[in-house]
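Just below is one structure, and these are the notes that go with it.
Every read-out reported here was derived from the displayed coordinates using simple, explicitly stated rules and does not represent laboratory data. None of these values were measured; they are calculated from a predicted model. Note: ideal-geometry Cβ built from the backbone for every residue, glycine included; neighbour counts use all protein chains shown.
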Amino acid sequence: MATAVEQPQDRSQPATPFERIGGHTVLRRITDRFYDLMEQDPAYAELRAMHAADLASMRESLPAFLAGWAGGPRDWFEANPGKCMMSMHAPFPISRQTAGQWAEAMRRAVQDAAPEDTEIAEAFIDVLTRMALGMARG
Ligand code: HEM
């Protein structure tokens with residue numbers, strides 16, 4: 001199946017990570033798979049239990065955050081002025097174990113979404129893993 005990759009308008013500029021990963025289409029595929037895994041795989045039960053019963057708002061906010069974070073449309077950042085992802089997570093009791101669950105589910109989700117550009121896919125996995133582990137306390 002062909003992937004609807006969103007192309008940059010201005011070819012004189014290097015593609016952003018948002019464009020390289022496949023734009024909104026692929027980010028949504030990644031985050032839907034991520035929350036499906038969180039809901040269905042008992043390996044992530046502890047991580048799941050930390051979240052609200054209904055993940056519908058997370059299924060909207062995570063891809064919107066990732067879009068702006070990766071150099072794409074900044075709607076999430078405009079809707080959440082000054083909100084820092086690291087500080088926002090500071091009140092949650094995130095152990096190395098739950099951070100590891102987040103990182104592993106995200107790695108699987110990126111791999112299952114199979115972005116065409118495998119180099120940017122690996123970079124997403126690497127940076128998001130480090131971000132998640134950086135949120136762990138103790
Ligand atoms: C390290 C493990 C992590 C845990 C345990 C965790 C847990 C949580 C929890 C409990 C919430 C509140 C939402 C709810 O109650 O359903 C939340 C919100 C959120 N998290 Fe995480 N998180 C983790 C890592 C990350 C990372 C690495 C990112 C980004 C790359 C992220 C992005 C978000 C976003 C975008 C929201 C919603 C913020 C909003 O739009 O208001 N989380 N997280």
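So how much slack lies between Ala49 and Leu133, counting 0.36 nm per residue of separation and subtracting their Cα-Cα distance, in nm?
Working: separation 84, 0.36 × 84 = 30.24 nm, distance 1.83 nm.
Full extension of this stretch gives 28.4 nm more.
How far is the Cα center of the range 41-77 from the Cα center of the range 17-31, in Å?
14 Å
Just to confirm the number: angle between the C-alpha axis of helix 56-69 and the first principal axis of the chain, 0 to 90 degrees, nearest 10?
50 degrees
Efficiency by 1/(1 + (r/R0)^6): what FRET value for Ser12 and Glu116, r their Cβ-Cβ distance, R0 = 25 Å, to the nearest 0.05? Provide the component values of the computation, followed by the final result.
Values: r = 22 Å, r/R0 = 0.89.
The pair Ser12/Glu116 has a calculated efficiency of 0.65.
Can you tell me the 0 to 90 degree angle between the C-alpha axis of helix 118-134 and the longest principal axis of the chain, rounded to 10?
The angle comes out at about 30 degrees.
Helix 23-40 sits at what angle to the longest principal axis of the chain, using alpha carbons and giving 0 to 90 degrees rounded to 10?
20 degrees
For a test of the definition: using alpha carbon positions, the gyration tensor, and the 1.5 limit on a/c, classify the range 47-93 as rounded, prolate or oblate.
Values: a/c = 2.35, a/b = 1.46, b/c = 1.61.
Oblate shape, in that a/c is at least 1.5 and b/c is the bigger or equal ratio.
Give me the dipole magnitude in Debye, nearest 20, for the chain about the Cα centre, with unit charges on the beta carbon: positive for Lys and Arg, negative for Asp and Glu. Kindly include the intermediate steps, with their values, before the conclusion.
On the way: 14 positive and 19 negative charges, 83 e Å.
Charge dipole of the chain: 400 debye, to the nearest 20.
Please list, in chain and number order, the residues 5+ apart from Leu55 or on another chain whose amide H is under 5 Å from its amide H, with Hs placed from the backbone.
none
So if we plug the beta-carbon distance of Asp75 and Ala123 into 1/(1 + (r/R0)^6) with R0 = 25 Å, what FRET efficiency do we get, rounded to 0.05? Each step should come with its number before you reach the end.
Values: r = 23 Å, r/R0 = 0.91.
FRET efficiency, Asp75 to Ala123: 0.65.
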